[in-house]
Amino acid sequence: MNPLVQLREMGQSPWYDYIRRGLITSGELEALIENDGLMGMTSNPSIFEKAIAGSADYDEAIAEVASQVTSVKQIYEGVAIQDIQDAADLMRPVYDASDGRDGYVSLEVSPDLAFDTQGTIDEAVRLWKTVSRDNVMIKVPGTPEGLPAIEELLSQGININVTLLFSVLMYEQVAWSYIRGLKRLAAHGGNLHRVASVASFFVSRIDSLIDKKLDEKIAKESRPAQRAMLESLMGKVAIANAKLAYQIFQEVFASAEFQLLKVEGARVQRVLWASTGTKNPKYPDTYYVDNLIGPDTVNTMPEATFMAFRDHGTVKNTIQEGLAEAKVTMQQLAEAGISMEEVTDTLLKDGAKLFLDAFDQLMGVINGKRAKILAKNVDRVT
């Protein structure tokens, strides 16, 4: 059987960390749903930047939207929201068949709002109403400023994908924000069963940064035993960190506080493994999928990882294995003088900046395409 389809037997949903208009219009997305058991999609500014800059798929749409609005951001939203709506419509049968567990497509608030609570709330509400699909999730960064926004939006019955999570401590705060949001929704008679949320925990970026720090320490270390210990941590921290986050997930959603909400129809806020493409060629291309499989999880895979797992992925309940080893790994990392708190703080700031840079590049691409369209129109009139 197709390994992607088999993931469902382990309680994991395969999602696609990719969107492009050609994927939707060509029938390819429908084929992924039908043949590979695709159960959801995520997008971000980097994905849209690559899709719009790297193809002519959007030229006609940009020309059409540009004739109606003047702002570059409005042009972007016009074409992006159309993609999200069309993808959500194709995903709707998955949403219905899973009773709202899966079938979601995610759209992110503007990256410049990552540290702006009220700005995030306002934009998320606006996007939710504009897209107007039950099976859409609005992505909100898991920053300290994002926590109250997450709670408020969930209390309004808006589906939320909490993104840019690296820290286990921050993940725990996000999980409790979800529970508080549902409590508030229940207090004013909201339908808890129709609200869904995922917490997107980024994986491979952690190894990329920590492996670099370990390389620097190994180069300076002369003691054989200490050197061997440092080498043994290479490529191990991201998965260990994820397993500790999953343990917190189990504890929070086994709590009496959540169980009261569960009786009223509430779902758990599933952990979504993001950034699961392997960045280091020394590691297997399905490394961050094979080792993070388990109940009530999602893995949103970039295109290359999705295809690789379909071809040779290993399906086994791995997320609940090796918890003791994961704890030892994190302890050894601290003993080596590498602060996980500093690493995750750096990754959060860098991640927010990367998305903002990609968004700025995207605005530049759209502005360039608009200028060419306007020049052609002037030539035609002349």
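Quick notes on this structure:
- Failed item in (1) open to solvent by 50 Å² or more (accessible area, probe 1.4 Å); (2) touching a residue at least 40 places away in the same chain (Cβ under 8 Å); (3) aliphatic (A, V, I, L, M), with residue 41 passing the rest: (1)
- Filter pass, residue 112 being open to solvent by 30 Å² or more (accessible area, probe 1.4 Å) and not in a strand (DSSP E or B): yes
- Condition check for residue 349: at pLDDT 90 or above and surrounded by fewer than 16 Cβ atoms within 10 Å (Cβ to Cβ): yes
- Hey, residue 105 closer than 17 Å to residue 137 by Cβ, assigned to a helix (DSSP H, G or I), open to solvent by less than 40 Å² (accessible area, probe 1.4 Å) and touching a residue at least 40 places away in the same chain (Cβ under 8 Å) or not: no
- Residues being closer than 20 Å to residue 265 by Cα and out of contact with any strand residue (DSSP E or B) (no Cβ under 6 Å at 6 or more places or on another chain) - total across the range 89-105: 9
- The single condition from (1) buried (at least 19 other Cβ atoms within 10 Å of the Cβ); (2) assigned to a helix (DSSP H, G or I); (3) aliphatic (A, V, I, L, M); (4) touching a helix residue (DSSP H, G or I) at 6+ places or on another chain (Cβ under 6 Å) that residue 7 fails is (4).
- Looking only at the range 115-141, residues that are in a loop (DSSP other than H, G, I, E, B) and closer than 24 Å to residue 83 by Cβ come to 4 in all.
- Verdict on residue 177 being among the polar types (S, T, N, Q), buried (at least 22 other Cβ atoms within 10 Å of the Cβ) and over 22 Å from residue 48 (Cα atoms): yes
- Condition met for residue 62 (farther than 14 Å from residue 160 by Cα, out of contact with any Asp or Glu (no Cβ under 8 Å at 6 or more places or on another chain) and buried (at least 17 other Cβ atoms within 10 Å of the Cβ)): yes
This table checks each residue for (1) within 15 Å of residue 283 (Cα to Cα); (2) surrounded by 15 or more Cβ atoms within 10 Å (Cβ to Cβ).
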residue: 187; (1), (2): no, no
residue: 192; (1), (2): no, yes
residue: 197; (1), (2): no, yes
residue: 204; (1), (2): yes, yes
residue: 211; (1), (2): yes, yes
residue: 222; (1), (2): no, no
residue: 227; (1), (2): no, yes
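- Residues of the range 150-174 that turn out to be open to solvent by 10 Å² or more (accessible area, probe 1.4 Å), in a loop (DSSP other than H, G, I, E, B) and not hydroxyl-bearing (Ser, Thr, Tyr), as a count: 2
The values are calculated or read from the model by the stated rules, or taken from the named source; none is laboratory data. In this text, all values refer to a predicted model and were calculated from it rather than measured experimentally. Reconstructed Cβ throughout: ideal geometry from the backbone, glycine too, with neighbour counts over all protein chains shown. The accessibility values were calculated without ligands, DNA or RNA, using every heavy atom of the protein model including side chains. Shrake-Rupley method; radii C 1.70, N 1.55, O 1.52, S 1.80 Å.
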